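Below is one structure, written out as structure tokens; comments come after it.
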Amino acid sequence: MLKKLLAFVLSAAICVAPVSAQMLTLNYGPGAFSGPDLTNTDSACSSVSGTVTTFTSKNLGGAGPNKINIVSISWVDGTSAGTAEISGVTIGGTAATRAVRSIATDNTNSNAEVWYASVAGGGTGNIVVTTGTAVNQMTIAVYRLINYSVSTPFLTATGTTTAGISTNTGDALIAVGTRSDSAATTLTNMVQDYGFSCGATQYGTHYSFFPNTPSAINTAISPSTNTPLIAMVTWHSGAVCADPSWSSVKLLMPMEGANLSTTGQGLTDRSSAAHGVATSGASSTIETAQFQFGTSSYRMHAAIGNSLVYNDSADWRLSAANSDQFTIEGWVRYAGTGTGRSVLSQFPGAGNNSWQIWNNSSASEWDFTFSTDGTATTTISTSGAALTTNTWYAWAVDKDATGKIRIYKNGVMLGSSTPANSSFFDSTVGLGILSINSVGNRLDGWGDEFRITKGVARYASDSGYTVSTTSFPICN
């Protein structure tokens, strides 16, 4: 089974007594290394003052495809002369390249750095760090990275008390931090691999972490005193997520499944929010006879009892303030038109209404209706949509940071308004897809590729947008 690793290594640097740090080995990949794999193979501390610091016979890990060794380094020059700087690193005799560093500006000579090299074969080797002037305290962590097709780093970031970086599925992330103090030091949002008090003015702490979806990784160092520094770097193993707003996607239903199925993959939310499988009622099913993309869509019948519903979730409250942004969108095809036909909604009835896109004022137009108190409603309608049967239509509604709400058909904006109050009521009912929850207002037709993005107005243009000719990307 493929296991990918996203690793954080943090080194809060400060060493004194010459200590041979105990080795902690964490292997995040499969034994056969069939996929991207990052292993923390060794770690150490040295307090021998000099311009050359040698860590002898460090474990560089076994051989593997496209093997890279990574060394995170945190160091402090206790003299605070402000003149020391790492000029070179070798890993097992191979010259390494600096990936990133975060350096102090107050002459405390406290640095957080990451270096890497392509080192063939496996086994042990010396890690040699050369500095311009003497450094007397240093901690390191050694990692082995394999099956990453690109040996060079992907993204870097630095900070003092905090730092953050975006990651994609399959990334390996190394982070190193330093403080000129011997107190135990941590970084948030990671699991510690190795922590060691290395003398009076350095503490080394190393972390690794692997998110399985594209994420914005933010970390904070604690304590945040004594010249804290953080450096972060990622290596990327595959294609970058095609959706830069993936982390904001709260529902994604490609509706790809077996013909006539009423559960399983076809009714599963594929977003990172993972709302599971929607509940399908009566005779409505996945159908392969019609689809916009892929091989199937969901067929909703207008007869009583048909519905497709997700339980209530905070994700369905699209807007809690005028500045809150969102985008809801998908494809729909009508077998029969009429009023009171819902496309997507959280709108069961007076007292608990939040929002809905539907055909209400006219069978050939879309209306976006919302309520701020659960009962009173505001409606924005299209003009010129001319909806009819047996045609696939791309529909979308978005709201930008100014509070402007737009409705689009096939990428063309056909209705808009900027309400004085666009804080939607926090309804307690579920999300109705091609229906109003399980209550009614069922659409007679098909739906495909439904997506909710919360916090992002994807299009936000009176000029409209170019409709995608492929299905929405899935990044997990």
Here the stretch 416-425 yields Karplus 3J(HN,Hα) values (6.51, -1.76, 1.60; θ = phi - 60°; whole Hz; Gly and Pro given as x) of 7, 6, 10, x, 5, 9, 10, 8, 6, 4
Along each of its three principal axes, how wide is the spread of alpha-carbon positions in the chain, in whole angstrom units, largest first? 83, 48, 35
Tell me, what is the percent relative contact order of the chain, built from C-alpha pairs under 8 Å that lie six or more residues apart? 15
Using r as the Cβ-Cβ distance of Thr97 and Asn218, and R0 as 25 Å, what FRET efficiency do you calculate, to the nearest 0.05? 0.40
The percentage of Cα-Cα pairs in the stretch 26-235 separated by more than 30 Å is 15
Can you compute the charge dipole magnitude of the stretch 26-235 about its Cα centre, using +1 on each Lys and Arg Cβ and -1 on each Asp and Glu Cβ, nothing else charged? Give it in debye, rounded to the nearest 20. 240
Any residue on another chain or 5+ positions along whose placed amide H is under 5 Å from the amide H of Thr186 is listed here as Ser222
Place a +1 charge on the Cβ of each Lys and Arg in the chain and a -1 charge on the Cβ of each Asp and Glu, then give the dipole magnitude about the Cα centre in debye, rounded to the nearest 20. 460
Could you tell me what % of all Cα pairs in the stretch 394-456 have separations over 16 Å? 62
Please sort by residue number the chymotrypsin sites (Phe, Trp or Tyr not before Pro) in the stretch 403-476 whose DSSP state is loop and whose Cβ has at most 15 other Cβ atoms within 10 Å. none
Return a whole-number percent for the relative contact order of the stretch 26-235, with Cα pairs under 8 Å and 6 or more residues apart as the contact set. 27
Just rank Leu443, Leu387, fewest to most, by other beta-carbon atoms within 10 angstrom. Leu387, Leu443
Cα-based Rg then Dmax for the stretch 363-476, in Å, read 14.7, 39
Sequence-separation-based contact order of the stretch 151-279, relative, with Cα cut under 8 Å and 6+ spacing, percent: 29
Taking the stretch 246-454, the whole-percent share of alpha-carbon pairs separated by over 23 angstrom is 38
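Computed from the coordinates by the stated procedures, all read-outs in this text should not be read as laboratory data. Fair warning: this is a prediction, and the values are worked out from it, not measured in the lab. All Cβ positions, glycine included, derive from the backbone under ideal geometry; neighbour counts span all protein chains shown.
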